[in-house]
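Encoded as structure tokens, the structure appears first; notes follow it.
The values are calculated or read from the model by the stated rules, or taken from the named source; none is laboratory data. The structure presented is a predicted model; accordingly, all values stated were derived computationally and were not measured. Virtual Cβ from ideal backbone geometry, glycine too; neighbours counted across all protein chains shown. Just the protein is used for accessible areas: all its heavy atoms, side chains included, with ligands, DNA and RNA removed. Shrake-Rupley method; radii C 1.70, N 1.55, O 1.52, S 1.80 Å.
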Amino acid sequence: MSLYLDHLATLQRQAESALERTGFDTLLIASGIEKYAFLDDRPYLFQPNPHFKHWLPLTNHPHSWLAVRRGRKPRVVYFQPEDYWHVQPSAPSGEWVDAVELVVIREPEEAAKALADLVTPRTAVIGEADSALPGITPNNPEPLLNLLHWARGVKSPYELEQMRAAQRRAVPAHRAARQAFLAGASEAEIHRAYLVASGHTDRDLPYGNIVGLNEHAAVLHYQYQDESPPPQSRSFLIDAGAQVNGYASDITRTWANPNVSGHDEFAALIAAMEVEQLGLVDEVREGVDYRDIHLSAHRRTARVLRGAGIVNGMSEEAMVEEGVTKPFFPHGIGHLLGLQVHDVGGFMASQDGGVADKPEGHRYLRLTRPLQAGMVVTIEPGLYFIPMLLRELRASKNSAQVDWAVVERLSRYGGIRIEDDVACRAAGEAPENLTRDAFAGVA
């Protein structure tokens, strides 16, 4: 059996089990609708329901539906309008077509008739409220969603293949972006180099690229791209991914410009962070509580801060205990990755729901579950020089332990983030670093 058909069979088993446990007979999943700007005829970028693209490699297909029943092929209602204003969706093709019961419709309203025989009081409907059709209203039953979201944390072999491909699509673009940086390009020019090398447009990136030169690297989700290069490009942080069949990669790299005088100190800081980042990657093991990896990241950050002479006169344990590492590393160590860049289910206590709490004082962590084989997570430690957080540290009782002259020198570079996408393997096996493998495969 092919990886995709095996994946489909796994989803069918999971869905049938979830339906039985929650008292439903049928599951209807809306792909979503195209939305328009207020008082305008200009559509927003279509984002499919992730539950829909979990089953089907269809990422640009609004007004379509999937029906899952026990013991039957999934039914796909495929919207293919006759339209001379826009490019029409192509005729259904690919491995999925023979695995489903296919119904092609020309108008969105026709989906109601194509699904009418499946609608009963025991039908679950997953989708946004605006996907509703006559007689079909999304009810998004929480117990059913809990089961599906929990299961989505573990990727099938098919899904892992899509995610490896998403890495291979992003890596040449990261290399092109670095070359543009070294050539003196602006943030906007670097971004365009990335798009060309990845084959993406802004429309189909999995998330908006973060392209920051110098101090802009200290803005965690820097959202702009200056058209003019700075007088001197000292450093460069890029957080950018790619997607294949709806599955994302999420990669961050930081670079120092070797042609700038005094860059050695910042380059050494990047190298020290890389050592610790790889150490954190190795902690991605089955059964490990991801919260422990986050706390390990703070201990490792403390080691980097001491080694660089940024913080002195405190033990690494004291630095973590008293929160001295937080102004330099204010975000979580990472998150689940898959159909969504920040994939669902990260805080679930079990498949029945509930919340696994974040460590006290670490409110930005996005994953609190123990790791399971097949999970894909990001490992993305950072070390930043963020003015507002540094002001708070300077006003604290630990200010005297900070070498502010070193901080001032390094602040000109903004900050560092290094992010790999990592698959957890079975007990006793080392993790698979999807990102590093993709970089190694590019000449």
Item to complete: Compare G153, G334, G199 in a GNM of the chain, Cα atoms joined below 10 Å, and give the one with the largest fluctuation.
Response: G199
Response to the item:
Between the residues L3, H61, A18, the Cα farthest towards the positive end of the dipole of region 1-136, that dipole coming from +1 and -1 charges on the beta-carbon of Lys, Arg, Asp and Glu, is from A18
Discussion item. Taking the Cα centre as origin and putting +1 on Lys and Arg beta-carbons and -1 on Asp and Glu beta-carbons, what dipole magnitude results for region 158-216, to the nearest 20 debye?
Written reply: 240
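What's the magnitude of the charge dipole for the chain around its Cα centre, counting Lys and Arg as +1 and Asp and Glu as -1 at the beta-carbon? Answer in Debye, nearest 20.
Value, rounded to 20: 380 debye.
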Worksheet item: If you take the beta carbon distance between H342 and N312 as r and set R0 to 35 Å, what does 1/(1 + (r/R0)^6) give as a FRET efficiency, to the nearest 0.05?
Response: 0.45
Item to complete: With a 1.4 Å probe and every protein chain kept in, tell me what percent of the accessible surface of region 34-176 is carbon plus sulfur.
Response: 54
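Can you figure out the FRET efficiency of D117 with V288, using R₀ = 45 Å and their beta-carbon distance, to the nearest 0.05?
In this case the efficiency is close to 0.45.
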Worksheet item: With respect to the cross-link table entries K113/K155; K35/K73; K155/K326; K155/K358, which display a Cα-Cα separation exceeding 26 Å?
Response: K113/K155; K35/K73; K155/K326
Discussion item. If I stretch the segment between A268 and D437 completely, what's the gain in nm (0.36 nm per residue apart, minus their alpha carbon distance), one decimal?
Written reply: 58.5 nm
Item to complete: Among L133, Y413, P43, pick out the residue whose Cα is farthest towards the positive end of the charge dipole of the chain, where Lys and Arg carry +1 and Asp and Glu carry -1 on C-beta, about the Cα centre.
Response: Y413
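Checking the a/c ratio against 1.5 first, then a/b against b/c, what shape does the Cα gyration tensor give for the chain?
Values: a/c = 2.25, a/b = 1.68, b/c = 1.34.
Prolate is the answer for the chain, as a/c is 1.5 or above and a/b outweighs b/c.
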Worksheet item: Normalised by the number of residues in region 240-304, what is the relative contact order in percent for Cα pairs under 8 Å and 6+ residues apart?
Response: 21
Practice prompt. Any chance you could check the Cα centroid distance between region 24-94 and region 127-161 for me, in angstrom?
Written response: 14
Worksheet item: Got the relative contact order for the chain handy, in percent, Cα pairs under 8 Å and 6 or more residues apart?
Response: 15
Practice prompt. Return the whole-Å distance between the Cα centroid of region 277-315 and the Cα centroid of region 105-119.
Written response: 54
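Taking the Cα centre of region 320-390 as origin and charging only Cβ (+1 Lys, Arg; -1 Asp, Glu), how large is the dipole, in debye to the nearest 20?
It works out to roughly 140 debye.
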Worksheet item: Solvent-accessible area per residue for the chain at a 1.4 Å probe radius, Å²?
Response: 44
Worksheet item: What order, most packed first, do the peptides 283-296, 309-322 have when packing is the mean number of other Cβ atoms within 10 Å of each residue?
Response: 283-296, 309-322
